[in-house]
Every structure is written in C-alpha cells, then in structure tokens.
Amino acid sequence: MKFPYVYPDPESRRLREALAEDSGLESDYILVGCGCDELIDLIMRCVLDPGEKIIDCPPTFSMYVFDAAVNGAGVIKVPRNPDFSLNVNGIAEAVELEKPKCIFLTSPNNPDGSIISDEDLLKILEMPILVVLDEAYIEFSGLESKMKWVKKHDNLIVLRTFSKRAGLAGLRVGYGAFPQSIIEYMWRAKQPYNVSVAGEVAALAALSNPTYLEDVRDALVRERERLFQLLKEVPFLSPFPSHSNFILCEVTSGMDAKQLKEDLAKMGVMIRHYNSKELKGYVRVSAGKPQHTDALMDSLKRFY
C-alpha cells in the first residue's frame, strides 16, 4: 500500500516491472519520468554540452526547441515535406555538415499525425547521431512500439507516455527505453523522487486494465475516422490523414484560420490554431466522443 506521506520509490521498481511486462523489454532498459517532458530535458542535459546542436523537424512538438534553448544548445531545423513526411536527405546533409549530437523524431507526429516508416527510421539510425523517437501517440496508430529496438541500436532512445494512452496527462507519468550505454548516465542525473506516489499508483492501475484501455482507444480511433470523413465534406477544410487522436486541417477558400478558431470558441467549440510559419493557415481538431464530433459539425455548418 502506498501512502502520500511516504516518499515514492526513487527507482519506480513496481512500475518499471509492470512496463517491462507490458512492452516485452526488460526493466533494466526502462526509466520513468515526470512526463516525457522531464525525460526530454534529462536526455539533453546528459548528452549535450552548451553550443552543441540538435536537429528538429518542424512542424513538430515544440518542447524539443524549448529544452534545447534551456540547455544552451543550437537547433538545426530540417523542415518536413509538404505532406509532413521527413526530409531524410535533408537530415543526412545536416548531420554531415553540422555534426549535431541528436535528432528528435515524433511518430505519430504532433500536430499532423503522420508516421515514420521503418525504412526511413533505419536510414537515420545508420547516421552518426543519437535518435530520440517520441511515441507519445503510438497507441492510436495500430503500430508496434520500437521500444525493443534499443537492444540492437545503441543510438536509439524511445519515449512513451501515459498522458494520452491512459488519460493521465495531469499526473505526469512518462517513460523511456534506453540502450544500456546511455541509461546509466540518465540514472545519475535524474531527480530521486521524480514520479509521484499518485502518478505511479494511477499508471499501475492503468496497466492492470489493458482491456479497458484498448476499448477506449478503439472507440477513439473509430471516432477519428468518422470525424475525418465528415471534415472532408467541409468546403473550406482540407484534412490530413492521421494516425493519432487529432486531425490537422488546412483552412482554404479564403477562410481565416485564426478567425475560424475564435468564431467556433464563441459557439463553445474549442479547436487548436497555430501561429508558427510552417502551420500558418492550419487548425487541429481532436477526436473525442461522438457528441463532440456532432457539436463541431453543427457549428461548422453555420459557415456554409
């Protein structure tokens, strides 16, 4: 039994054992963090000296650039192709010219939901660079996690989270699979009590209910597919196919993306709008319950 007045286990042993059973990868390779955000920062602190560089592939998760700045690192941006796939040749050129220490890749990518093919991932793993593969949304893709790959690729780290998988975003529990040569340094640098008692108990409860998690995921994926088909019918939206729990849409036909977000908010419907240059004119819609989809579509129909 866990009590909130007792400090958490600094090694999160019970949770790591449960994650080993869940993933098929031994617990020696697994480290747990206060969300993946802590692990991203920890990787940079262990790997980068000030002035060294990372590769970022925008548009993608903004924390890589944020943490690079905090850790005094430079950022080499290799923008994605128009369909949001990785520019692998551009990455290879940047690795050769700039000699960066690591690259952060998200699959499925946030914000568009595209996935990285095994072929592209293997090409990047052959480069002289540490590859951090962020699988925060892997559960919605139908793909198998690459966690076990860390045993055969000593330049690969794979990050996962309970935030989306189990709806525990507010409790901050993430985890990563690391090669043995890297994880020993991570253990030395991590805060002793980084995962709270409440977070560990909730994550263990989630792992003990796999059928429930799968049922919720399957329902969400079905709703994502229904949402995608409905969004395709909206004359001023061009949705991108997604392997995640959201759908990115280009706003077309002279409609203003920011204004659309603000007008929908007045109707009680919240969508995501982006200010970055790569996503100017785009909005992102999360898949939720069927009634959420219906409310969104009813509101959108007022515009046409």
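Side notes on the structure shown:
- Each semi-axis of the equivalent ellipsoid for segment 96-213 is √(5λ) with λ an eigenvalue of the Cα gyration tensor; in descending order they amount to 26, 19, 12 Å.
- As a calculated quantity, the FRET efficiency between Asp215 and Lys99 at R0 = 35 Å, using C-beta atoms, amounts to about 0.15.
- Value of [θ]222 nm, deg cm²/dmol, for the chain, DSSP H segments ≥ 4, -39500 (n - 2.57) each, nearest 500: -12000 deg cm²/dmol
- For segment 182-280, GluC sites (Glu not before Pro) meeting the loop criterion (DSSP other than H, G, I, E, B) and having at most 13 other Cβ atoms within 10 Å: Glu233.
- Hypothetical label at Asp298: residues of segment 227-271 whose amide nitrogen lies under 13 Å (7 Å Cα-Cβ projection): 267-269
- About the Cα centre, charge dipole magnitude for the chain (Lys/Arg +1, Asp/Glu -1 at Cβ), debye: 700 debye
- Between the helical axis of 257-266 and the longest alpha-carbon principal axis of the chain there is an angle of about 80 degrees.
- Between helix 210-232 and the chain: long-axis angle, C-alpha atoms, 0 to 90°, nearest 10: 30 degrees
- Where only C-alpha atoms are counted, convex hull volume of segment 151-267 per residue in Å³: 195 Å³
- Percent of beta bridges antiparallel (DSSP, the chain, rounded to nearest 5): 55 percent
- Magnitude of the charge dipole for segment 27-144, about its Cα centre and with charges confined to Cβ atoms of Lys, Arg (+1) and Asp, Glu (-1), is about 400 debye.
- Extension gain from Phe3 to Asn89, taking 0.36 nm per residue of separation minus the Cα-Cα distance: 25.7 nm
- Cα long-axis angle, helix 180-189 against the chain (0 to 90 degrees, to the nearest 10): 90 degrees
- For the chain, the spread of Cα coordinates along the three principal axes comes to 58, 53, 32 Å, biggest extent given first.
- GNM flexibility winner over the chain from Val131, Val88, Val283 (Cα, springs under 10 Å): Val88
- Backbone phi angles across segment 239-256, fed through the Karplus curve with coefficients 6.51, -1.76 and 1.60 (θ = phi - 60°), yield HN-Hα couplings of x, 9, x, 10, 9, 10, 9, 8, 10, 8, 10, 7, 8, 10, 6, x, 6, 8 Hz in residue order; Gly and Pro are listed as x.
- Largest GNM mean-square fluctuation among Leu121, Leu248, Leu133, using the chain with Cα springs under 10 Å: Leu121.
- Top of Ser163, Ser114, Ser253 by mean-square fluctuation, Gaussian network on the chain, Cα under 10 Å: Ser253
Taken together, the values in this text are just the output of simple stated rules run on the coordinates, not laboratory data. Remember, predicted model here, so these are calculated numbers, not experimental data. Here the Cβ is made from the backbone with ideal geometry for all residues, glycine too, and neighbour counts use every protein chain on show.
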